[in-house]
Every structure is written in C-alpha cells, then in structure tokens.
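The structure appears right after this line, and notes come after that.
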2 protein chains.
Amino acid sequence: MKQAIELAVQNVKTANGGPFGALVVQDGTPIASGTNLVTVTNDPTAHAEIVAIRSACQRLETFQLAGCELYTSCEPCPMCLSAIYWARPDRFYYAASRADAAAAGFDDAFIYDQVALHPERRAIDSHRVSLEGDDLRPFEEWISSLRKIPY
Amino acid sequence: MKQAIELAVQNVKTANGGPFGALVVQDGTPIASGTNLVTVTNDPTAHAEIVAIRSACQRLETFQLAGCELYTSCEPCPMCLSAIYWARPDRFYYAASRADAAAAGFDDAFIYDQVALHPERRAIDSHRVSLEGDDLRPFEEWISSLRKIPY
C-alpha cells in the first residue's frame, strides 16, 4: 500500500494527472501498476485502477485476474469498482476513502449516488430509444453464436 | 441507434467480442464508434461505450465530451455509466435494458446491485488499509500543486 500511495504522490509531482496510484499483485509480487493519466492522455477512463488492470491483463494475456489482488491509494470510484467486478481479482485494498476524494474535489461520492438513482433522476440525461424488433438482435446473435467467448 | 445496434450485431458475427456497440455523436455527426473488445484485446474494460469515449476523446484531443451525445445498443453497465459521468457528454441514449443483458448472461444488473452495497456486503472482498499519516498525502500534494489540471 505504501507503494500505491507513493505512486499517487509522484504522479502529482510529475504533473501526470490526479493523485491516485494502484498496483496489481500476484502471489505477493507486483505485476503491474497504474496512476491516473486522464489529463496527460486525454482519456477520462485512465484512472489508476483501470490503467493497472489493463496492464496486468496485457502482461498475463488474459481478461480475468483470478488469483490477483489490487492495491489502490483511494477507494475505487464506481467506474473502477465495476472494472474490478469485470476483471474479477480475488480482493482489493484501499487507503483513502471516497469522502477523502470528495474533500479534494473529486466526483467519486457523487457518482456513487448517481449510479444508484433511477435513470430519470440522474444529473446526466438519458433516454431509452426502443427500435422494437432490433433491440434484442445483438443478444439473439450472441446466444446463437458458436464462436463466442463468454467473459 | 440503428447504427449502434448494427455494430453490436457485426461484432458478434466477426467474433470480436460481446454483443454491444456505441457511437459518440457531435452536432448530429458520428465522430467515434466502439464495440466490445474484451476478449479479443484481453482488456476487461474494453466495453463498447469505453472504447467509443476513448476514441472520441483522442479525436477531439480532450478529456471532456461536452456538446456530444452517446448512443449505445444497451443500457450502460455501472463502469460505462460512471465513465460517462467522468467524460460528461450532454446525454446518452440506449436501446436494450440491463435486464435484457442479464437474460443473455451478462453481469450488468448484478454489478449495479453490488455497487450500491456497503463494501462489507459485496461479493468481492475489500479492505481499508489505513497507513495513518500517509493516506492523505496524495490529496495534500494535489491541493498544493500549482501544475495540476483538474478533471
């Protein structure tokens, strides 16, 4: 955890991005790290955890992190928490909380609240556009596909 | 929306990944598209919306999508919904629902439920590891940084 926090501090010192760092560890050995690279790469999804997960998956040549653990300097935002669910490491550890992040001006706690709301009550407008017979075509194609790789 | 659905169908036919497609539109013109590339790129975060958002940001050389709209063949999972909050397009449209995705075997609805839970009640183990004086060092560095770019 000390290392994840140090990555976060250095990321700010080098002006690479936000104050966040993360590590993926397998059998006690760090196999990938990440820091927040949103502004330097023009990628709003380049949070420390996402960068670390992507890097670990490249290294292990897999899209699943079973047997791994994630260490992150701050409680993951809902994007990163959900990415953890999709990548499925065994567990994760964090130091600062979403309230600490909010106090420093980050939207994590706000987005947690938004995700839990009914779509109609959220701050970003969304609309369901149903194209009748078309909506389910992708899923029908998926279910009948013989070449699919479930994830 | 027809185009987003067609991208999703084709993505399955070409065995590139899951049955999902998305487009970012600016002033009525599509500027970027994405399909689910999780298995083909070994990237658990490569959902259609994330791929489209990243591509649009590269094209516009920005980390914010104000003035843009997103069309996606299916209601975004919490990872993609949160990515939308971080990228801040004006609004988004979707065709199929999270229940439709669940019926085809995808975890979207499950992850929505998980994100809303108290960390201790979630299916993936997580632990806060407080390093006392160290936890807030990244944020202190951020707040005092003169070179930071807020996002």
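In table form, for the structure just shown:
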| item | result |
| --- | --- |
| Kirkwood Rh (inverse of mean 1/r, distinct Cα pairs), the range A:1-55, angstrom | 10.9 |
| Sequence ranges A:63-73, B:25-35, ranked by mean other-Cβ count within 10 angstrom, highest first | A:63-73, B:25-35 |
| Protein accessible area in the protein assembly as shown, 1.4 Å probe - carbon and sulfur % | 49 |
| Kirkwood Rh (inverse of mean 1/r, distinct Cα pairs), the range A:55-99, angstrom | 11.0 |
| Value at 222 nm in deg cm²/dmol, rounded to 500, when DSSP H runs of n ≥ 4 in chain B each add -39,500 (n - 2.57) | -11500 deg cm²/dmol |
| Radius of gyration and maximum dimension Dmax of the range A:77-151, Cα, Å | 17.8, 50 |
| Mean separation of Cα contacts under 8 Å (6+ apart) over length of chain B, as relative contact order % | 16 |
| Solvent-accessible area per residue for the range B:65-112 (1.4 angstrom probe, square angstrom) | 24 |
| Per-residue mean of C-beta atoms belonging to partner chains within 10 Å, peptide A:91-98 | 6 |
| Burial ranking of peptide ranges A:12-19, A:42-49 (average Cβ count within 10 Å, highest at the top) | A:42-49, A:12-19 |
| Two-site label geometry, B:Glu120 and A:Lys2: point separation in nm, points 7 Å out along Cα→Cβ | 2.9 |
| B:Ala99 versus A:Asp90: modelled label distance in nm, points set 7 Å from Cα along the beta carbon direction | 3.8 |
| Distances in nm from A:Thr29 to the matching label points in the other copies, shortest first (labels 7 Å along Cα to Cβ) | 5.1 |
| Mean separation of Cα contacts under 8 Å, 6 or more apart, over the residue count of the range A:1-71: relative contact order % | 29 |
| Interface area, B with A, accessible, probe 1.4 Å, both sides summed, Å² nearest 100 | 8100 |
| Taking only Cα atoms of the range B:1-117, radius of gyration then Dmax in Å | 13.3, 39 |
| Protection-proxy order for peptides A:125-132, B:110-117, each taking the mean of Cβ atoms within 10 Å per residue, highest first | B:110-117, A:125-132 |
| Buried on assembly, the range B:1-22 (at least 30 Å² less accessible surface than by itself, 1.4 Å probe) | B:Met1, B:Lys2, B:Ile5, B:Val9, B:Val12, B:Lys13, B:Ala15, B:Pro19 |
| Rg to Rh, two decimals, where the protein assembly as shown supplies the alpha carbon set and Rh follows Kirkwood | 0.96 |
| Whole-number D in µm²/s for the range B:76-118 (Stokes-Einstein; Kirkwood sum over Cα pairs; 25 °C, 0.890 mPa s) | 218 |
| Shielding by other protein chains, B:100-110, mean Cβ within 10 Å | 3 |
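The values are calculated or read from the model by the stated rules, or taken from the named source; none is laboratory data. Given the structure is predicted, the values throughout are model-derived calculations rather than measurements. Here the Cβ is made from the backbone with ideal geometry for all residues, glycine too, and neighbour counts use every protein chain on show. Side chains included, ligands, DNA and RNA excluded: accessible areas come from the protein's heavy atoms. Shrake-Rupley method; radii C 1.70, N 1.55, O 1.52, S 1.80 Å.
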